[in-house]
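*Asks:* This structure is in structure tokens; I'll ask about it shortly.
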Amino acid sequence: MSETTSHGNETPAARSDAPARAPLVLASLILVAAVANLNLAVANVALPDIGKAFDSSQTTLNLIAVGYSLGLAASVLYLGAVGDRYGRKLLLLLGVTLSVPACLIAAWAPSDEVLVAARILGGLSAGMAYPTTLALITALWSGPARTKSIALWSAIGGGISALGPMLSGLLLEHFWWGSVFLLTLPLAVVAFVMALRFVPAHVNEATDPVDNLGGILSVLMVGGLILAINFAPVPNKGALVLGLGAVALAAGLGFFIRQRRARNPLYDLDVAARRIFWVAAAAGIIVFGSLMGAMFIGQQFLQNVLGYSTLDAGLAILPAAFCMVLVAPRSAKIVEARGSRFTLLVGYVFCLLGFLTMLLLWKEDISYWKVGLGYAFVGIGVGFAGTPASHSLTGSVPVSRAGMASGTADLQRDLGGAIMQSIFGALLTAA
């Protein structure tokens, strides 16, 4: 994977290595990303309690689990272009603000239908804020400083996501199920204040109008695909899966035709066809799908087989979070010294070691070190591979189209998680 960066319409001032007060700017962006990552991870641990409270069907619980990812994944491509055109900082602040009512509605939802709607709303708020953080890093940093910033953004974001089950389990030990959705509120307030004060506005943004038709088609395409993948392993949902797949396919064909004909395409297919772009996108799906898949299968194994409490099962994931944060700075150095391809392959090796550990060592009545070892290997793998995947995506587009790359980087997490969780869910059902 070669490293070729196109800077588009950057001004000389924009090509400096880092913005003024760079540590505070980066901390602000990582905190905003943390709000989205935590909200993504908190619901799964509470699903049994939610099901008891509302007497929910399995289908409804699946929608609660996937609602946040659905809102996030379906909106990122469209909202990434909106941010590029109308202001990335504005979109980021709107996203953080919208996350507050979404969390409050979810916490005190009077029915499971309202809870599903609140989760989708929370995903839309993350669709505004989360990809915008990476777009701003791309616009504000360059060279090795950008690589290091992306490494910290990727690893700390993944680490915080891994902490979600532990923090949720801690709250569920003492409070009602809705408390898990209040977890991010203090963080959202701090993130909003810091972003408002420290993040620069209007850096190398696009001037072309947004392709709204393409945006609507992208929402239907991705939303239909995510739902179809998530419902694929659910018994007696074959007709629903086929219908959703048909919607995704029709919207996908319409999206492709529209992007070829539009004067200002939402998604530049010529850029997406470059090997550095599509290989990085596929790599991200594999890497982040591995992390989400490990969390999905691990929680069920720890609680249902080993008999861990929700808190203990959450604590068991800590080696993955610790290793991701520990490896991130080293990953950035290897990318600069050896390139993205080598660093990505190193990450793949550790992810493979993690799953081999789970396959060969995870049995009934095992000691914790075997559990922690599997999580540690996956954490190291994601720590190494997450940086080159995101770095290659953002480095292959003009800065004025950073929303396209950041939207793809965010989408690969949700697609990867949906695909891996569906595969593991089908295997569990079959076995």
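The values are calculated or read from the model by the stated rules, or taken from the named source; none is laboratory data. The model shown is predicted, which means the values in this text are computed figures rather than measured ones. For neighbour counting, all protein chains shown are included, and Cβ atoms are generated from backbone atoms with ideal geometry for every residue, glycine included. Note: accessible area is taken over every heavy atom of the protein model, side chains too, but ligands, DNA and RNA are not part of it. Shrake-Rupley method; radii C 1.70, N 1.55, O 1.52, S 1.80 Å.
*Asks:* From the list Pro144, Pro131, which residue is in contact (Cβ under 8 Å) with a residue 40 or more places away in the chain, at negative phi and open to solvent by 10 Å² or more (accessible area, probe 1.4 Å)? Write out each step before concluding.
*Replies:* On the way: Pro131 fails: open to solvent by 10 Å² or more (accessible area, probe 1.4 Å).
Criteria check complete, one pass: Pro144.
*Asks:* On the basis of being farther than 16 Å from Leu415 by Cβ, in a helix (DSSP H, G or I), open to solvent by 40 Å² or more (accessible area, probe 1.4 Å) and in contact with a Lys or Arg (Cβ under 8 Å, 6 or more places away or on another chain), does Leu217 make the cut? Even if it seems obvious, please write down each step before you answer.
*Replies:* Working: farther than 16 Å from Leu415 by Cβ: yes; in a helix (DSSP H, G or I): yes; open to solvent by 40 Å² or more (accessible area, probe 1.4 Å): no; in contact with a Lys or Arg (Cβ under 8 Å, 6 or more places away or on another chain): yes.
Here the answer is no, as Leu217 does not meet what is asked.
*Asks:* Could you please find all residues in the stretch 325-351 being within 14 Å of Arg146 (Cα to Cα) and of a type in the set (Ser, Thr, Tyr)?
*Replies:* Ser331, Ser340
*Asks:* Restricting the search to the stretch 344-367, which residues are touching a residue at least 40 places away in the same chain (Cβ under 8 Å), open to solvent by 20 Å² or more (accessible area, probe 1.4 Å), of a type outside the set (Asp, Glu) and over 16 Å from Pro319 (Cβ atoms)?
*Replies:* Of everything in the stretch 344-367, just one residue is touching a residue at least 40 places away in the same chain (Cβ under 8 Å), open to solvent by 20 Å² or more (accessible area, probe 1.4 Å), of a type outside the set (Asp, Glu) and over 16 Å from Pro319 (Cβ atoms), namely Tyr348.
*Asks:* Considering every residue within the stretch 237-249, establish whether at least one is part of a helix (DSSP H, G or I), at pLDDT 75 or above, touching a Pro at 6+ places or on another chain (Cβ under 7 Å) and open to solvent by less than 30 Å² (accessible area, probe 1.4 Å).
*Replies:* Of all residues in the stretch 237-249, those part of a helix (DSSP H, G or I) come to 238-249.
Then keep just the ones that are at pLDDT 75 or above; that gives 238-249.
Right, trim to touching a Pro at 6+ places or on another chain (Cβ under 7 Å) and you get none.
No, because not a single residue in the stretch 237-249 is part of a helix (DSSP H, G or I), at pLDDT 75 or above, touching a Pro at 6+ places or on another chain (Cβ under 7 Å) and open to solvent by less than 30 Å² (accessible area, probe 1.4 Å).
*Asks:* Going by what's in this entry, would Ser422 be described as at pLDDT below 70, under 15 Å from Ile226 (Cα atoms) and surrounded by fewer than 24 Cβ atoms within 10 Å (Cβ to Cβ)? Outline the logic, then answer.
*Replies:* Working: at pLDDT below 70: yes; under 15 Å from Ile226 (Cα atoms): yes; surrounded by fewer than 24 Cβ atoms within 10 Å (Cβ to Cβ): yes.
The answer is yes for Ser422.
*Asks:* Which of the numbered conditions does Ile156 fail, given that it passes all the others? Conditions: (1) open to solvent by less than 20 Å² (accessible area, probe 1.4 Å); (2) β-branched (Val, Ile, Thr); (3) under 17 Å from the mean Cα position of the chain (by Cα).
*Replies:* Among (1) open to solvent by less than 20 Å² (accessible area, probe 1.4 Å); (2) β-branched (Val, Ile, Thr); (3) under 17 Å from the mean Cα position of the chain (by Cα), the lone unmet condition for Ile156 is (1).
*Asks:* What about Phe322, is it modelled with pLDDT of 75 or more, open to solvent by 50 Å² or more (accessible area, probe 1.4 Å) and within 27 Å of Ala389 (Cβ to Cβ)? Can you show your working first?
*Replies:* Numbers: modelled with pLDDT of 75 or more: yes; open to solvent by 50 Å² or more (accessible area, probe 1.4 Å): yes; within 27 Å of Ala389 (Cβ to Cβ): yes.
When the stated conditions are applied, Phe322 passes them.
*Asks:* When you scan the stretch 222-236, how many residues do you find that are not polar (S, T, N, Q) and not in a loop (DSSP other than H, G, I, E, B)?
*Replies:* Going through the stretch 222-236, the residues not polar (S, T, N, Q) turn out to be 222-229, 231-235.
Those still in the list that are not in a loop (DSSP other than H, G, I, E, B) too: 222-229, 231.
So the answer is 9.
*Asks:* Something else now. When only residues in the stretch 56-101 that are aromatic (Phe, Trp, Tyr) and touching a helix residue (DSSP H, G or I) at 6+ places or on another chain (Cβ under 9 Å) count, which is surrounded by the most Cβ atoms within 10 Å (Cβ to Cβ)? Break it down into steps so the answer makes sense when it comes.
*Replies:* Residues of the stretch 56-101 aromatic (Phe, Trp, Tyr): 68, 78, 86.
Checking the rest, the ones that are also touching a helix residue (DSSP H, G or I) at 6+ places or on another chain (Cβ under 9 Å) come to 68, 78.
Values: Tyr68: 27, Tyr78: 24.
The residue in question is Tyr68.
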